[in-house]
Amino acid sequence: MPSSRLAASPPDPSGFSQANMHPAPLRFSRAALIYNPAARRLQWRRARKLRAVLERLRSFGLAVEVQGTVGSNHAPGLVRSALQRGCDLIIACGGDGTINEVVRGMEGSRVPLMVIPAGTANVLAQEIGLPLDWVDAAGLLETGRIRRIALGRVGSRPFILMAGIGVDAAVVSAVNPGLKRLLGQGAFWISGLRQFLSYPFAPFEVQADGDSRRATFAVIARAKNYGGGFQIAGQADLFSDDFQVCLFQAGNRWRFPRYFWGVVRRRHHRLPDVLQFRARSVLVEGSTQIGVQIDGELIGCLPQSVTLQPDALSLLIPGPGEMSSGEGKVIP
């Protein structure tokens, strides 16, 4: 039986009651929770962590099916199957790569996505102000609201957060999975140092709005957060219908420490060889040796077109006054 906290009348689609503009209770009956057993925050005491989350979810009268992925590209099929069975909520428990795979399975559906942050960087959780504590994140069933958002696309592949072209794709490609499980974001720092010393920083062309610009590293962002607490595209907006594009143009590797220091201080946009602009579609052309990553996962090489798909995903986010800094307790 549904919890008595759930209203008898249908909630407003925006997640707010018109009378008092407070979040209206969300009502779901059947959910599929897709989790990645390899996610960093699921490496220890997995059963205990999942049990705590499931108890919280089920306290709202929600029937939850739990399915673990068994490798890359498994999640989309699990999601499509769950939707065919009539699930009215999809819950992704993992990192940004797992969330990206889940979103691929949700294309064309208006069923909402809920996130339980269990990955290494959890950039989407930072972006929407989601608590990193899993039980608190599950509490969005009571306090959250649903927003429709646009998705980016590289070719046929959707992304929520960003596409990166150049050195960051090389860093993602070179990360050792074992080190990632052991060190988390530290594995990216090690890979980043190696790529700084060996990556050729070859130039490529970025075409948008009739202009062509040169870069050796580009971020085409829907989200302001990048990972590790950094903001490369600080004016990006997940709820807008465009990208913020940030181009780093130097071909000399020794310029990149200056870029990095600028990003740390959030002043890189003041540098003369860093360009930022907004666009709805971008064409990137260059050597087929230059990689492209989306949401922290390598997907291919240049050339690629990056386009926007408006009104593409229903996302469960914290309600007003519920936004979290991302800090706080976590399930031990």
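Place +1 on the Cβ of every Lys and Arg and -1 on the Cβ of every Asp and Glu in the chain, take the dipole about the Cα centre, and give the residue among Leu197, Gly129, Val219 whose Cα lies farthest towards its positive end.
Sorting the options by dipole projection puts first Leu197.
First select every other residue whose beta carbon is under 9 angstrom from the beta carbon of Arg280; then total the charges, Lys and Arg +1, Asp and Glu -1.
-2
Less than 12 Å Cβ to Cβ from Leu78, Lys/Arg counted +1 and Asp/Glu -1: what total charge do the surrounding residues give?
+1
What percent do you get for the relative contact order of the chain when only Cα pairs under 8 Å and 6+ apart count?
RCO, the chain: 21 percent.
Which of the peptides 126-134, 291-299, 92-100 is most tightly packed, and how do the rest follow, judged by the mean count of other Cβ atoms within 10 Å per residue?
Answer by packing, highest mean first, reads 92-100, 291-299, 126-134.
Can you tell me the relative contact order of the stretch 74-166? Whole percent, Cα pairs under 8 Å, sequence separation 6 or more.
Computed value for the stretch 74-166: 25 percent relative contact order.
Can you list which of the trypsin sites (Lys or Arg not before Pro) found in the stretch 33-125 are DSSP loop residues with at most 10 other C-beta atoms within 10 Å?
Arg85
Between the stretch 48-68 and the stretch 99-114, what is the C-alpha centre distance in whole Å?
19 Å
Just the Kirkwood number for the stretch 157-311, please: inverse of mean 1/r across all distinct Cα pairs, in Å, one decimal.
Value: 15.6 Å, from the Cα pair sum.
Write down the percent of antiparallel bridges among all DSSP beta bridges whose residues are both part of the chain, to the nearest 5.
If we restrict to bridges inside the chain, about 75 percent are antiparallel.
Using the membrane-span-like helix rule (whole DSSP H runs, Cα extent along the own axis of at least 30 Å, mean Kyte-Doolittle hydropathy at least -0.5), which helices of the chain qualify?
Values: long enough: none.
Helices meeting the criterion: none.
Largest first, please: the extent of the C-alpha atoms of the chain along each principal axis, to the nearest Å.
Largest first, the chain extends 63, 42, 36 Å along its Cα principal axes.
For the modelled label position 7 Å from the Cα of Asp211 along Cα-to-Cβ, which residues of the stretch 226-260 have backbone nitrogen atoms closer than 13 Å?
245-247
Listed highest first by mean packing, meaning other Cβ atoms within 10 Å per residue, what order do 215-223, 274-282, 257-265 come in?
Packing order, densest peptide first, comes out as 215-223, 274-282, 257-265.
Please list the non-local residues whose amide H lies under 5 Å from the amide H of Ala118, H modeled 1.01 Å from N, same-chain partners needing a gap of 5 or more.
Gly94, Gly95
Calculate the dipole size of the chain relative to its Cα centre from +1 charges on Lys and Arg beta carbons and -1 charges on Asp and Glu beta carbons; express the result in debye to the nearest 20.
Computed about the Cα centre, the dipole is about 820 debye.
Quick one: Cα centre-to-centre distance for the stretch 145-200 and the stretch 210-287, in angstrom?
If we compute the Cα centre of each part, the gap is 14 Å.
Read-outs: derived from the displayed coordinates by stated rules, not from any lab. These figures come from a predicted structure and were not determined experimentally. Neighbour counts are summed over all protein chains in view; Cβ atoms, including those assigned to glycine, are modelled from backbone coordinates with ideal geometry.
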